[in-house]
Amino acid sequence: MRNDTRSVSSRAAKTARDLLRTCGATLILFACGVNNTPPPTQTRPSPAGPRIVFPDGFAVRVEVAADDATRQQGLMYRDQLATDRGMIFFFPQSGDYPFWMKNTLIPLDMIWIDDQKRIVHIAHDVQPCKADPCPSVPPGANARYVLEVAAGVAARHGLANGQTLRFEGLENVVVH
C-alpha cells in the first residue's frame, strides 16, 4: 500500500510540474508577442468636428446653426473669433436670407452659399451694430447656407462668387 501512495504522489507531482511548464511556456510566448493577434489597423485621424474647406485648402471648424433658435442667436455676444473658426447656418430651403449684426460684438465676413456649395455672395468686414434699428445685410441671391467667419478671412483666402466650398462632417445635419 505504501508503494501505491508513492506512485500516486509521484504522478501528481509530475502532472503538477508538466502543468507549470506548460503555463510558463504559454506566458513566455505571450510576453514575447507570439500570440498571432494582428496589430491594430492604422487609421488617419479625422479632423475634429465639422468644417468647411476653402478652395485654397484652408479649413474652418464650424459650429452648426440648423434650427430657428440657434440661427437667431448666431455669433451674438462673442468678443472674439479665431480665424479658423466660424458658424455655418443651414436653412430648410434656398432663399434670400438677409443677416444683421445686432448684439454681435466683432466684425464678420458673411458668405452666402447655394445648394451646390458655391459661393453666391460675400459681405466683407461687416461691422457690429451699435444702435437700433440695425440694418440688414442682404445677399441679393438665393442661398441654402451662410458661413460667418472673422472679418478679413474671406479676402485673405481669395474667396469669390462662383467658387465651391467643401463641407466635411456635415452630411447628417438635420435642419429644422
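The values are calculated or read from the model by the stated rules, or taken from the named source; none is laboratory data. In this text the structure is predicted, and so the values were computed from the model without any measurement. Every residue, glycine among them, receives a Cβ derived from its backbone with ideal geometry; neighbour counts consider all protein chains shown.
Being assigned by TED's automatic domain parsing to the domain that holds ALA155, closer than 15 Å to HIS157 by Cβ and among the aromatic types (Phe, Trp, Tyr), is that true of even one residue in segment 57-72?
The answer is yes; a qualifying residue exists.
Of all residues in segment 82-114, which are part of a loop (DSSP other than H, G, I, E, B) and not charged (D, E, K, R)?
Going residue by residue through segment 82-114, those that are part of a loop (DSSP other than H, G, I, E, B) are 82-84, 96-98, 101-107, 114.
Hits for segment 82-114 are ALA82, THR83, TYR97, PRO98, MET101, ASN103, THR104, LEU105, ILE106, PRO107.
If I go through segment 112-137 residue by residue, how many of them are within 19 Å of ILE88 (Cβ to Cβ) and surrounded by 13 or more Cβ atoms within 10 Å (Cβ to Cβ)? Before you say what the answer is, go through the steps one by one.
Kept after step one, since they are within 19 Å of ILE88 (Cβ to Cβ), are these residues of segment 112-137: 112-124, 126, 137.
Restricting the remaining residues to those that are surrounded by 13 or more Cβ atoms within 10 Å (Cβ to Cβ) gives 112-114, 117-124, 126, 137.
Residues that pass the stated criteria total 13.
How about segment 55-80: which of its residues are in contact (Cβ under 8 Å) with a residue 60 or more places away in the chain and part of a loop (DSSP other than H, G, I, E, B)?
If the condition is that a residue be in contact (Cβ under 8 Å) with a residue 60 or more places away in the chain and part of a loop (DSSP other than H, G, I, E, B), then PRO55, ASP56, PHE58, ALA66, ASP67, GLY74, LEU75 are the ones that fit.
Every residue, every condition in (1) more than 22 Å from the chain's Cα centre (by Cα); (2) at pLDDT below 95, yes or no:
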{"position": "ALA16", "(1), (2)": "yes, yes"}
{"position": "ARG21", "(1), (2)": "yes, yes"}
{"position": "LEU29", "(1), (2)": "yes, yes"}
{"position": "PRO50", "(1), (2)": "no, no"}
{"position": "THR70", "(1), (2)": "no, no"}
{"position": "GLY86", "(1), (2)": "no, no"}
{"position": "GLN93", "(1), (2)": "yes, no"}
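Residue-wise test of (1) over 25 Å from ALA160 (Cβ atoms); (2) not β-branched (Val, Ile, Thr).
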| residue | (1), (2) |
| --- | --- |
| PRO50 | no, yes |
| PRO55 | no, yes |
| VAL60 | no, no |
| VAL64 | no, no |
| GLY74 | no, yes |
| ARG78 | yes, yes |
| ALA82 | no, yes |
| GLY86 | no, yes |
| PHE89 | no, yes |
